[in-house]
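K.L.:
One structure, as structure tokens, below. Some questions next.
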Amino acid sequence: MMEISPWQLFLLGGPVMWLIFLSSVLALAIIIEKVLFLKSIKEDIAGLKNSIFDSILKNDIKAALKTCDRSASPLAHVLKAGVLQYGNSQEAIASAMQEACRFEIPRLEERSIELAVIGNVAPLLGFLGTIIGMCGSFYTMQLRVTALNPLSFHDIAGGVWQSLITTGAGLALAIPIVIVSNYFINYQNNYILQIEKAAGDLVNFIVHIAAEPDSENRE
């Protein structure tokens, strides 16, 4: 049985295989970038909140801000915006954190759309290769019939090969990308919910502290 190398399979797939290959390289670059970013913002959310709240409870706002500055996470940046408004109204604190969210959330979602697009386009590229391959097969058949030459399986095998290879390559690329893309989206949605919850907790905490009679004299 004749063995075919991956490179030979790639060439049999025709020119569409180059588009699929470029899409895979781009998708891999986006995935690596997203993984590194998510790793850089990984944070002990409970620990961060407790540290900030403890500093505020001691009326040490500078320490709370330093705690936020030590973290590169979007959550820390949003909470810092709220801490900076300490002493102002509840509406001012909430508004400052909402404004910070408008900047931080797009950073969190960056490249997700591009990855999802590649996952959707990859099988379409495979189907495009299928159409091109089948068109080549039928064109060869037409030439043979017109020239009154006998048809053989070899005359249409090339087009069938191209059709199967490109379809398989497109699906092989799309399936893992869709899985990874959905994982990133779910992670982002959960993180956004955590930001919103932490921001709400901070507002309520600051308002509660400010309402205490001895808040001005707290050490």
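K.L.:
Quick check on the exposure proxy: order Tyr191, Tyr86, Tyr183 from fewest to most C-beta atoms within 10 angstrom.
P.N.:
Starting with the residue having the fewest Cβ neighbours, the order is Tyr183, Tyr86, Tyr191.
K.L.:
What is the magnitude of the charge dipole of segment 22-214 about its Cα centre, with +1 placed on the Cβ of each Lys and Arg, -1 on the Cβ of each Asp and Glu, and no other charges, expressed in debye to the nearest 20?
P.N.:
Here segment 22-214 has a charge dipole of around 520 debye.
K.L.:
Stretch Ile185-Phe37 to full length: gain in nm at 0.36 nm per residue minus the Cα-Cα span?
P.N.:
Result for the pair: 51.9 nm of gain on full extension.
K.L.:
Moving on to the next point. Through the Karplus equation 6.51 cos²θ - 1.76 cosθ + 1.60, θ set to phi - 60°, convert the phi angles of segment 45-54 into ³J(HN,Hα) values in whole Hz; use x for Gly and Pro.
P.N.:
For segment 45-54, the Karplus curve yields 4, 4, x, 5, 4, 4, 5, 5, 5, 5 Hz.
K.L.:
Same structure, new question: What ³J(HN,Hα) values, in whole Hz, does the Karplus curve 6.51 cos²θ - 1.76 cosθ + 1.60 give for segment 186-194 when θ = phi - 60°, with x put for Gly and Pro?
P.N.:
5, 4, 4, 4, 5, 5, 4, 4, 5
K.L.:
What's the lysine pair count for segment 22-214 at a Cα cut-off below 25 Å, pairs eight or more apart or interchain?
P.N.:
Close lysine pairs under the 25 Å cut-off: 25.
K.L.:
For segment 1-55, what is the Kirkwood estimate of the hydrodynamic radius, computed as the reciprocal of the mean inverse distance between distinct Cα atoms, to one decimal in Å?
P.N.:
15.3
K.L.:
Rg(Cα) of segment 1-133 divided by 2.2 N^0.38 Å?
P.N.:
That works out to 1.70 for segment 1-133.
K.L.:
A further question follows. Report the one residue of Ala63, Asn190, Ala122 whose Cα lies farthest in the direction of the positive end of the charge dipole of segment 22-214 (charges on C-beta: Lys and Arg +1, Asp and Glu -1; origin at the Cα centre).
P.N.:
Ala122
K.L.:
When a/c is below 1.5 the answer is rounded, else prolate if a/b is larger than b/c, else oblate, so apply that to segment 26-97 with a ≥ b ≥ c taken from the square roots of the Cα gyration tensor eigenvalues.
P.N.:
Because a/c hits 1.5 or more and a/b exceeds b/c, segment 26-97 counts as prolate.
K.L.:
Provide Rg over Rh for segment 22-214; use the alpha carbon set for both Rg and the Kirkwood Rh (inverse mean inverse pair distance).
P.N.:
A ratio of 1.35.
K.L.:
Can you put Met17, Met97 in order, fewest other beta carbons within 10 Å first?
P.N.:
By the 10 Å Cβ count, ascending, the order reads Met17, Met97.
K.L.:
Arrange the following residues from fewest to most other Cβ atoms within 10 Å of their Cβ: Trp7, Trp161.
P.N.:
Ranked by crowding around the Cβ, least crowded first: Trp7, Trp161.
Bear in mind that the values in this text are calculations on the coordinates, not laboratory data. Here the structure is a predicted model, which means the values were calculated and not measured. With ideal geometry, Cβ positions are generated from the backbone for all residues, glycine too; neighbour counts draw on all protein chains shown.
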